[in-house]
Amino acid sequence: MRRRVAVLMGGRSGEHEVSLVSGASVARALDADRYEVFPVLIDRAGGWTLDGEPVALVPGSDGHGVIASLSGGPTRVVDVVFPVLHGPYGEDGTVQGLCEIAGVPYVGAGVGASAIAMDKAMFMTVARTLDIPVVESVEVWRSEWTADPDTVRRRVDDALPYPVFVKPARLGSSVGISRVTDPAGLADAIEVALEHDRKVLVERGMVGREVEVGVLGNEHVELSPVGEISYDSDWYDYDTKYLPDRMSLTVPAAIPDELAMRLQDIARRAFRAIDCVGMARIDFFVEESGDARVLEINTIPGFTPTSVYAKLFEAAGIAYQPLVERLIDLALEIDGQR
């Protein structure tokens, strides 16, 4: 019997378009002889459709989750949900909680791990308590910025040297991020970030190399080789990430073996620290001194065949289609144990 897989794509966040591309890639990769795929589109307002028909994920009478039609159409029983959603309302624990309530297994991190990883400021707090190295940062809330921006400016100036990066705390794909080279540009950058989130993170701008490690598994994990991101721009912004020929990935990265093993060990520890399962991509910055800092954990990384996560595991000998199928197996394995 074919496994019935609901692939969720789109979503309400600023990463809607990226999610559509990733979700379509996952849906195409699943072998039609082994899987019945339900590609569910979530529009920017939060509405769910399947084949143009409004639907919802709800608990079924037999303990399975079902995709129920909201207009009198057929009900589809679902064996597993594959959320290919980025940012709020998808990668942050909300959809994961819905799957838990509906009683359907789902690919990737659970509610708590998803929420912590999505909130970069929260992840950094957790990481520091466990001696996982992260970049120095200052947290700014909309309320304090509105009430007293001068105090916020002084706090940033006292804590961090310029340049700094200003980013929404709970978004990805470089949406809403600005590189600020001097104090005069800080206010505008904070305003841009606050358009996307009520909490903003100001981070020290690091100089060096951007590298990434993929993690795959539940209790026992596989670590990808370390990959290095190269780009011909001031920083790794949205256009550099997603426009053709703007970035390149080298796997394995041309770094000493000792550094590669240290990065993999930190990636494993970070994955465990937030109780992650299934998959994650851990992003690092390595300074010229060899000092390595975790930038963030992505619990639902980009998922086209050319995305970094897929390429990291391709270098480890796991092609795109087997990788997608392995993630479904991991979701069924961990079901009920999150």
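All of the numbers you see were taken from the coordinates with simple rules; none came from a lab. Predicted model only: the values in this text are computed from it and were never measured. Ideal geometry is used to build each Cβ from the backbone, glycine not excepted, and the neighbour counts take in all protein chains shown.
As a ratio to 2.2 N^0.38 Å, the alpha-carbon radius of gyration for the chain is 1.00.
Summing +1 for each Lys or Arg and -1 for each Asp or Glu, what net charge is found among the other residues whose Cβ lies under 13 Å from the Cβ of residue 74?
Values: positive: 4, 76; negative: 36, 51, 53.
Net local charge, residue 74 excluded: -1.
Kirkwood radius, segment 90-156, all distinct C-alpha pairs, inverse of mean reciprocal distance: 14.2 Å.
Ordered by the count of other Cβ atoms within 10 Å of each Cβ, fewest first, 118, 1 give 1, 118.
What the phi angles of segment 33-45 give under the Karplus curve with 6.51, -1.76 and 1.60, with θ = phi - 60°, is a coupling list of 6, 10, 9, 9, 9, 10, x, 9, 9, 9, 7, 5, 8 Hz, glycine and proline written as x.
Rank the residues 16, 86 as a footprinting-exposure proxy: fewest other Cβ atoms within 10 Å of their Cβ go first.
Details: 16 18, 86 32.
Going from least to most buried by this count: 16, 86.
Considering only alpha-carbon pairs that sit under 8 angstrom and 6 or more positions apart, the relative contact order computed for segment 69-218 is 20 percent. Estimated purely from DSSP H runs of n ≥ 4, each contributing -39500 (n - 2.57), the mean residue ellipticity at 222 nm for the chain is -10000 deg cm²/dmol once divided by its residues. The rule of thumb for compact globular proteins, 2.2 N^0.38 Å, goes into the C-alpha radius of gyration of segment 139-218 1.19 times.
Once both labels are positioned 7 Å from their Cα atoms along Cα-to-Cβ, the gap between residue 53 and residue 159 label points is 5.1 nm. Each of 42, 300 has some number of other Cβ atoms within 10 Å of its Cβ, and from fewest to most they run 42, 300.
Of the GluC sites (Glu not before Pro) in segment 143-234, the ones in a loop by DSSP (not H, G, I, E or B) with at most 11 other beta carbons within 10 Å are 195, 219.
Below 8 Å, C-alpha to C-alpha, sequence gap of six or more: please give me the relative contact order for segment 107-180 in percent.
Numbers: 46 pairs, mean separation 20.0, N = 74.
Computed over segment 107-180, the figure is 27 percent.
Please label the shape of segment 1-113 as rounded, prolate or oblate, based on the square roots a ≥ b ≥ c of the eigenvalues of the alpha-carbon gyration tensor (a/c under 1.5 means rounded; beyond that, a/b larger than b/c means prolate, else oblate). If you can, show how the numbers build up before the last one.
On the way: a/c = 1.27, a/b = 1.20, b/c = 1.06.
Rounded is the answer for segment 1-113, as its axis ratio a/c remains below 1.5.
Computed on the chain, with alpha-carbon pairs under 8 angstrom and 6+ residues apart, the relative contact order is 18 percent.
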